[in-house]
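For reference, the structure discussed in these notes is given below.
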Amino acid sequence: MERLACINVDLDGLGHYAAIHGLPDSVLGPGGADAVARLAPGRLCELLAGVGSGLPGTFFAIGEDLASREAPAASALRTVAASGHEIGNHTLRHRYDLVRLPEAAIVSEVRGGAEAVAAAVGVRPVGFRAPGYTLSRALLAAALETGHRYDSSTYPAVPYYLAKAAILGAQRVAGRRSRAILDRPRVLVAPAEPYRPSRSEPYARGDLPIWELPVTTAPWTRFPFIGTFVATLPGPAVDALYRQVRRRPFLNLELHGVDLMDASDGAGERLPRVQRDLAVPASRKIERLRALFSRIAADYEVVTLAEAAERLARSGGPPSVL
Ligand SMILES: [Zn+2]
């Protein structure tokens, strides 16, 4: 397989960030409820179009944001799809506790997301990403059963996992109840390169007829390499991290809609105080992303996740892990 890179974005709304911090939706400013779904797709589209002769991207949408064809978020997504980008399924309601629900409810969240995307853009999604990077056997089975050809939820980032465990613990001590949940520690030993998952354990290799495309982490340290860090860590740190990461034959750069936004986009006053990346001006984050996209485009062939899954299926798998 050639060296492929995929740039993709999860369109998690500001209300989901508030929920992670145990805050109610009422902390958001005017227009905040659908700000990410309305604004982030167009901004990323513009950014991708400006690199070289234009790069393709994958946009993971949340079904409930597309409640009607007339919803501004649905129209933003149609524009994205019409520009040749891929639209993926990020479930119907982005429930962080999805893997803890009964199987029928899991299937309905996955199917509901796929149907909402299909109704909004006219094409059924082939890609799935779980809320909060948390997979289970039942959730992966639901993605397969509802027609997805790849999943991109595995995030075997050791420092991220430890930090999340510490933060959730501290929030409990402080009496704040986050909606986020901690994944099973098994994820820490999941493959970091694309793989076909096992029927009984989504974080192990097997023979399920679906590809798992893990979110990229640095080799050895498994330090996460995601949009939020690229946009907010000091430049030299991002540079050093990218030099590590580009040794991987497959790069899966995951962004979030908020990486292209800031507090002035309806976040209100309280949320940016705890979700610090919202306090960084959008223009600055977008410039950082632009610089990285140019480097990626020089080092890799950039394709959508659907295209990467298609080529993996044809070639039988990625080259050996570093
Ligand atoms: Zn999400």
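Each reported figure results from applying straightforward, stated rules to the coordinates on display, with no laboratory input. Computed from a predicted structure; not experimentally measured. Reconstructed Cβ throughout: ideal geometry from the backbone, glycine too, with neighbour counts over all protein chains shown.
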Quick one: Debye curve from the alpha-carbon atoms of the stretch 93-199 only, equal weights, vacuum; give me log10 I(q)/I(0) at q = 0.10, 0.13 Å⁻¹ to two decimals. -0.32, -0.54
Quick calc: nm separation of the 7 Å Cα→Cβ label points for Ala170 and Ala67 -> 3.5 nm
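With the cut-off at 26 Å, report for the chain the share of all Cα pairs above it, as a whole percent. Display every interim value, and only then the final one.
Details: 21996 of 51681 pairs.
I get 43 percent for the Cα pairs in the chain exceeding 26 Å.
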Report, as a whole number in µm² per second, the diffusion coefficient that Stokes-Einstein gives for the stretch 90-154 at 10 °C and 1.306 mPa s using the Kirkwood radius over alpha carbon pairs. 139 µm²/s
May I have the convex hull volume per residue, in Å³, for the Cα set of the stretch 234-275? 93 Å³
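For Glu2 and Ser264 in one chain, what is 0.36 nm times their gap in residues minus the Cα-Cα distance, to one decimal in nm?
Numbers: separation 262, 0.36 × 262 = 94.32 nm, distance 4.10 nm.
In short, 90.2 nm is gained.
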Go through 257-270, 100-113 and give me the packing order, highest mean Cβ count within 10 Å leading. 257-270, 100-113
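Using a 10 Å cut-off around each Cβ, can you sort Trp220, Trp211 from fewest to most neighbouring Cβ atoms?
Working: Trp220 10, Trp211 24.
Sorted ascending by nearby Cβ count, the order is Trp220, Trp211.
Where in the stretch 14-87 are there GluC sites (Glu not before Pro) that are in a DSSP coil and have at most 12 other Cβ atoms within 10 angstrom of their Cβ? Mind dumping the intermediate values first?
On the way: sites: Glu46, Glu64, Glu70, Glu86; in loops: Glu70.
Listed in order of number, the matching sites are Glu70.
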Taking the radius of gyration and the Kirkwood hydrodynamic radius from Cα positions alone, what is the Rg/Rh ratio for the stretch 148-280, to two decimal places? 1.00
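Please give the contour-minus-distance gain from Ala291 to Arg177: 0.36 nm per residue of separation, less the Cα-Cα distance, rounded to one decimal in nm. Working shown, then result.
Working: separation 114, 0.36 × 114 = 41.04 nm, distance 3.76 nm.
Full extension of this stretch gives 37.3 nm more.
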Once the Cα atoms of the stretch 209-322 are picked out, what are the Rg and Dmax in Å? 16.0, 50
